[in-house]
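The structure appears below as structure tokens.
The values are calculated or read from the model by the stated rules, or taken from the named source; none is laboratory data. What you see is a predicted model; the values in this text were computed from it and never measured. A quick note on method: Cβ atoms are made from the backbone with ideal geometry, for glycine too, and the neighbour counts reach across all protein chains shown. Please note that ligands, DNA and RNA were not included when accessible areas were found on the heavy atoms of the full protein model with its side chains. Shrake-Rupley method; radii C 1.70, N 1.55, O 1.52, S 1.80 Å.
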Amino acid sequence: MGESREEMKNQIELLFVSLKLHFDYEEIILERIHYPERLEHAVIHNKLLEHASRLKLNYYEDELKASLFFTFLLNEVISAHVLKEDFKFFAYL
């Protein structure tokens, strides 16, 4: 059981780092295309990362099930952010 929990910690950390890198890269693109709402978009990224960080720490402290971290990624990052917020800058690409 301990190994699977450690593996889950590693997977959550990998997802968190990947999310941060994705947002960083996206913000570079938004800057290059002169997206007028890029600063507001960066604020949204920061809020999502703060929330993900809290969930990650809560999982590490055994206060949260891993499924809640993944639910956050699906609902808040993919459904709410990518499909709604990111869609707004596609016309600038």
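Could you check the stretch 49-67 and list, in sequence order, the residues that are part of a loop (DSSP other than H, G, I, E, B) and either open to solvent by less than 70 Å² (accessible area, probe 1.4 Å) or under 25 Å from Lys84 (Cβ atoms) (or both)?
Matches in the stretch 49-67: Leu64 only.
Go through the stretch 1-48 residue by residue and tally those that are modelled with pLDDT of 95 or more, not acidic (Asp, Glu) and not in a helix (DSSP H, G or I).
Qualifying residue count for the region: 4.
List, please: which pairs have Cβ atoms under 9 Å, are six or more places apart or on different chains, and start with a residue in the stretch 25-42 that is under 14 Å from Asp86 (Cβ atoms) and end with one that is assigned to a loop (DSSP other than H, G, I, E, B) and not aliphatic (A, V, I, L, M)?
Ile29/Tyr35; Leu30/Glu37; His41/Tyr35
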